[in-house]
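Q: Below is one structure. I have some questions about it.
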Amino acid sequence: MLNISGLKEGIVLDHIKAGQGLEIYDLLGLDRVDGQVAIIKNAQSQKMGRKDIIKIEGSLDQVDLDALGYIDHNITVNIVKDNRIVEKKKLSLPKMITNVIRCKNPRCITSIEQELPQVFYLADEKAGTYRCKYCDEKYTGHENRKV
Ligand SMILES: [Zn+2]
């Protein structure tokens, strides 16, 4: 049973691979959240052995679920209201992600025009391959991602 004590209203990201909690904190920009955020490292998990958990106080719109689905769609998103879990969301690989990863092609227009959003689309769902919307360069930088 997931311990949500201390969280009256918010989101609990469960089943994060052990050691990946901080990376997810950074990628989701959780330092910009107004409410409390807690990262629990190396929690016991029957399914995974060890796992990380992130608790975020406040509403769901603070979390980019597309970005989260991209990082690891096996993460469970629990919605907490009045100290109990009222909903569990399943994640999937998003069709499109914006400003989560950056194109590494030096000739890409986004390398020249820095104000352009970084947009990648899902090119191969089975392989979990993403390509840049502008230059079609395959993104290879996120080796840890489980597909
Ligand atoms: Zn590009």
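The values are calculated or read from the model by the stated rules, or taken from the named source; none is laboratory data. Computed from a predicted structure; not experimentally measured. Every residue, glycine as well, gets a Cβ built from its backbone with ideal geometry; the counts of neighbours run over all protein chains shown. Note: areas computed on protein heavy atoms with side chains; ligands, DNA, RNA excluded. Shrake-Rupley method; radii C 1.70, N 1.55, O 1.52, S 1.80 Å.
Q: Suppose we filter region 49-85 for residues that are part of a strand (DSSP E or B) and in contact (Cβ under 8 Å) with a residue 60 or more places away in the chain; how many remain?
A: Quick first cut of region 49-85, residues part of a strand (DSSP E or B) only: 49-57, 76-81, 84-85.
After this cut, where a residue has to be in contact (Cβ under 8 Å) with a residue 60 or more places away in the chain as well, the list is 76-81, 84-85.
Within region 49-85, residues that are part of a strand (DSSP E or B) and in contact (Cβ under 8 Å) with a residue 60 or more places away in the chain number 8.
Q: Of all residues in region 8-27, how many are within 14 Å of Ile75 (Cα to Cα) and either modelled with pLDDT under 90 or in a strand (DSSP E or B) (or both)?
A: Number satisfying all stated conditions: 7.
Q: Taking Pro94 as meeting all but one of (1) assigned to a loop (DSSP other than H, G, I, E, B); (2) open to solvent by 20 Å² or more (accessible area, probe 1.4 Å), write down the number of the exception.
A: Status for Pro94: all satisfied but (2).
Q: Taking the condition of being under 16 Å from Ala67 (Cβ atoms) and open to solvent by 60 Å² or more (accessible area, probe 1.4 Å), how many residues in region 28-56 meet it?
A: Selection size over region 28-56: 2.
Q: Give the residue, chosen from Tyr139, Tyr134, that is hydroxyl-bearing (Ser, Thr, Tyr), within 13 Å of the ligand (Cβ to nearest atom) and open to solvent by 50 Å² or more (accessible area, probe 1.4 Å). Even if it seems obvious, please write down each step before you answer.
A: Working: Tyr139 fails: open to solvent by 50 Å² or more (accessible area, probe 1.4 Å).
None of the others qualify; the one that does is Tyr134.
Q: Further question: What's the total number of residues in region 107-123 that are touching a residue at least 24 places away in the same chain (Cβ under 8 Å) and more than 9 Å from the ligand (Cβ to nearest atom)?
A: Total satisfying the criteria: 2.
Q: Please find, within region 64-81, the residue that is modelled with the lowest pLDDT out of those that are crowded, with 22+ Cβ neighbours inside 10 Å and among the β-branched types (Val, Ile, Thr).
A: Ile71
Q: Considering Lys126, Lys88, Lys104, which residue is surrounded by fewer than 18 Cβ atoms within 10 Å (Cβ to Cβ), away from the ligand (no atom under 16 Å from the Cβ), part of a loop (DSSP other than H, G, I, E, B) and of a type in the set (D, E, K, R)?
A: Numbers: Lys88 fails: part of a loop (DSSP other than H, G, I, E, B); Lys104 fails: away from the ligand (no atom under 16 Å from the Cβ).
Result of the check over Lys126, Lys88, Lys104: Lys126.
Q: I'm trying to understand the selection: among the residues of region 107-123, which are open to solvent by less than 70 Å² (accessible area, probe 1.4 Å) and part of a loop (DSSP other than H, G, I, E, B)?
A: Result: Cys108, Leu116, Pro117, Gln118.
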